[in-house]
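Input: a single structure, listed below in structure tokens.
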Amino acid sequence: MKLSRPKPSHLALTLLLLTPSASLLAADALPSHEHGHGTLQLAISGNQVELLLRSPAYNLLGFEHAASNEAERQIRDRVMMWLTQTPLVNTPDQACEIHTSKSHQDNGKASHNHQDEGEHHDESGAGHSDIEISQTLICQGLGDDPELGTPLPERFPELEHLDIEWLSTAGQGAIRLEHGQATFRLAH
């Protein structure tokens with residue numbers, strides 16, 4: 001199967017303008033650092049999907065501090081490799097292929113609005129770390145009202161809630177996947 005080369009998309013540019021870039025993320029991490037919660041933003045144009053995943057490192061690694069020993073470095077490297085080499089959304093027939101993929105993990109020194117058991121408090125330099133993954137996918141046969149799935153909830157059981165927001169030529173929408181849910185429809 002021959003893949004067409006992605007063309008710059010106004011949707012992708014809009015998504016980039018609405019979300020912080022990796023360099024901004026390092027300086028001003030996620031607005032809300034909440035264990036068990038992540039966000040996945042999608043911009044869809046034709047068969048191209050631009051996505052951005054943000055999550056506290058704890059949800060994906062099992063720890064937030066900088067990897068301090070060989071076992072933690074191996075976990076970090078294995079998880080980051082999986083996150084950049086696996087399409088983070090896919091069609092039911094697994095038709096999405098990664099065109100580009102980038103990762104960023106902040107150093108855990110940024111200030112976060114941290115939420116534990118319903119309590120908000122600000123902690124600076126407390127070692128809270130966040131991960132950001134961006135991908136450009138080519139998904140043959142995506143269609144206008146696609147059903148998509150994500151491997152994230154199964155692969156990362158600490159990720160209890162995944163907020164998904166999308167923007168396409170047909171409109172925009174949002175959904176929250178609860179623990180154990182992995183599929184969603186981009187209904188408008």
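The values are calculated or read from the model by the stated rules, or taken from the named source; none is laboratory data. It should be emphasised that the depicted structure is a prediction, and the values quoted were computed from it without experimental measurement. Cβ placement follows ideal geometry from the backbone for every residue including glycine, while neighbour counts extend to all protein chains displayed. These accessible areas exclude ligands, DNA and RNA; they are computed on the full protein's heavy atoms, side chains included. Shrake-Rupley method; radii C 1.70, N 1.55, O 1.52, S 1.80 Å.
Every residue in segment 145-156 that is more than 19 Å from residue 47 (Cβ to Cβ) and either touching a residue at least 60 places away in the same chain (Cβ under 8 Å) or assigned to a strand (DSSP E or B) (or both), please.
Taking segment 145-156 and keeping what is more than 19 Å from residue 47 (Cβ to Cβ), we get 151-156.
Across segment 145-156, the qualifying residues are 151, 152, 155, 156.
In segment 38-68, which residues are touching a His at 6+ places or on another chain (Cβ under 6 Å) and open to solvent by 30 Å² or more (accessible area, probe 1.4 Å)?
So in segment 38-68, the residues touching a His at 6+ places or on another chain (Cβ under 6 Å) come out as 56, 58, 64.
Within segment 38-68, just 58 meets the criteria.
Say we look at segment 77-108 and pick out the residues that are open to solvent by 70 Å² or more (accessible area, probe 1.4 Å) and in contact with a helix residue (DSSP H, G or I) (Cβ under 9 Å, 6 or more places away or on another chain); which of these is nearest to residue 164 (Cα to Cα)?
Residues of segment 77-108 open to solvent by 70 Å² or more (accessible area, probe 1.4 Å): 77-78, 81, 85, 92-94, 97, 99, 102, 107.
Now narrow it down to the ones that are in contact with a helix residue (DSSP H, G or I) (Cβ under 9 Å, 6 or more places away or on another chain): 102, 107.
On the way: 102: 19, 107: 25 Å.
My answer is 102.
Considering only segment 157-177, state which residues are in a loop (DSSP other than H, G, I, E, B) and surrounded by 20 or more Cβ atoms within 10 Å (Cβ to Cβ). Talk me through it step by step, then tell me what you get.
Step one: list which residues in segment 157-177 are in a loop (DSSP other than H, G, I, E, B), which gives 157-160, 169-170.
If the condition is that a residue be in a loop (DSSP other than H, G, I, E, B) and surrounded by 20 or more Cβ atoms within 10 Å (Cβ to Cβ), then 159 is the only one that fits.
Scan segment 178-187 and give yes if some residue there is in contact with a Ser or Thr (Cβ under 6 Å, 6 or more places away or on another chain), open to solvent by less than 80 Å² (accessible area, probe 1.4 Å) and part of a strand (DSSP E or B), otherwise no.
no
With the condition kept exactly as written, say whether any residue in segment 37-57 is within 16 Å of the chain's Cα centre (by Cα), modelled with pLDDT of 90 or more, within 17 Å of residue 155 (Cα to Cα) and not in a strand (DSSP E or B).
yes
Is it the case, given these coordinates, that residue 8 is under 30 Å from residue 140 (Cβ atoms), assigned to a loop (DSSP other than H, G, I, E, B), modelled with pLDDT under 90 and not aliphatic (A, V, I, L, M)? Spell out the reasoning first.
Numbers: under 30 Å from residue 140 (Cβ atoms): yes; assigned to a loop (DSSP other than H, G, I, E, B): yes; modelled with pLDDT under 90: yes; not aliphatic (A, V, I, L, M): yes.
Yes; evaluated as a whole, the condition is true for this residue.
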